[in-house]
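Colleague: My structure is below; once you've seen it, I'll send some questions.
Values quoted throughout were computed directly from the atomic coordinates according to the rules given, and no laboratory measurement underlies them. Here the structure is a predicted model, which is why all the values come from computation and not from measurement. So basically every Cβ, Gly included, is an ideal-geometry build from the backbone, and we count neighbours across all protein chains shown.
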Amino acid sequence: QVRLVESGGGLVQAGGSLRLSCAASGNLFTLDNMGWYRQAPGTQRELVAMITRGGAADYADFVKGRFTISRDNGKNTVYLQMDSLKVEDTANYLCHAKVDFVGTFGQGTQVTVSS
């Protein structure tokens, strides 16, 4: 079983920055891709960014140039640096990890961007 614990969310003004962290624990021998999704009330969950074990990253168009995903394989941790935040970035951000080809989500951390 895999456990994901996110941290780093909060309230920030538009144009500001936040850094999210997600630490994975449990049976991680075959930990593969890690990433971040987000979900705002009344909307579907959407992929924000993902990163392979080798460090190859991919981003949703709406965050390209503003967000940066990274990971520390030694700490089984993935990060999301969010810059130039917009009001529309407000959502619950959930960490995702794939172990043995099975995906797991964390509980999420709330990000609120005020105008």
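Colleague: Expected output is a single nm value to one decimal: the length gained when fully extending between Glu46 and Ser115, i.e. 0.36 nm times separation in residues minus the C-alpha distance. What is it? Intermediate values should be presented prior to the final figure.
Modeller: Values: separation 69, 0.36 × 69 = 24.84 nm, distance 2.26 nm.
Length gained, Glu46 through Ser115: 22.6 nm.
Colleague: Based on the Cβ-Cβ distance from Gln13 to Lys64, what FRET efficiency comes out when R0 is 25 Å, to the nearest 0.05? Each step should come with its number before you reach the end.
Modeller: Working: r = 22 Å, r/R0 = 0.87.
Working from the Cβ atoms, E equals 0.70.
Colleague: Counting only chymotrypsin sites (Phe, Trp or Tyr not before Pro) that sit in a DSSP loop (anything but H, G, I, E, B) with at most 15 other Cβ atoms within 10 Å, what is the longest stretch of the chain containing none of them? Intermediate values should be presented prior to the final figure.
Modeller: On the way: sites that count: Phe29, Phe101.
Longest site-free region, per DSSP loop and neighbour criteria: 30-100.
Colleague: Take the chain, mark every one of the trypsin sites (Lys or Arg not before Pro) that falls in a DSSP loop and has at most 12 other Cβ within 10 Å, then report the longest stretch left between them, sites excluded.
Modeller: Details: sites that count: Lys64, Lys75.
Here the longest segment lacking exposed loop sites spans 1-63.
Colleague: Another one. Let me know the Rg and Dmax you get for the chain when you use only its Cα atoms, in Å.
Modeller: Over the chain's Cα set, Rg and Dmax evaluate to 13.4, 43 Å.
Colleague: Can you classify the stretch 24-70 as rounded, prolate or oblate using the Cα gyration tensor, where a ≥ b ≥ c are the square roots of its eigenvalues, rounded means a/c under 1.5, and otherwise it's prolate if a/b beats b/c and oblate if not? Walk me through the numbers before you get to the answer.
Modeller: Numbers: a/c = 3.11, a/b = 1.41, b/c = 2.21.
Oblate, because a/c is 1.5 or more while a/b does not exceed b/c.
Colleague: Another question, then. Under a straight-distance cross-link criterion of Cα-Cα below 29 Å, which lysines are reachable from Lys75, leaving out those fewer than 8 residues away in the same chain?
Modeller: In chain and number order, the partners are Lys64, Lys98.
Colleague: Contact order normalised by length for the stretch 1-40, with contacts defined as Cα pairs under 8 Å and 6 or more residues apart; what percent is it? List each step's numbers first, then the result.
Modeller: Details: 33 pairs, mean separation 17.1, N = 40.
Relative contact order of the stretch 1-40: 43 percent.
Colleague: Report the calculated FRET efficiency for Thr104 and Ser84 (r = Cβ-Cβ distance, R0 = 35 Å), to the nearest 0.05. Please report the intermediate quantities before stating the final value.
Modeller: On the way: r = 30 Å, r/R0 = 0.85.
Efficiency, from the Cβ-Cβ distance: 0.75.
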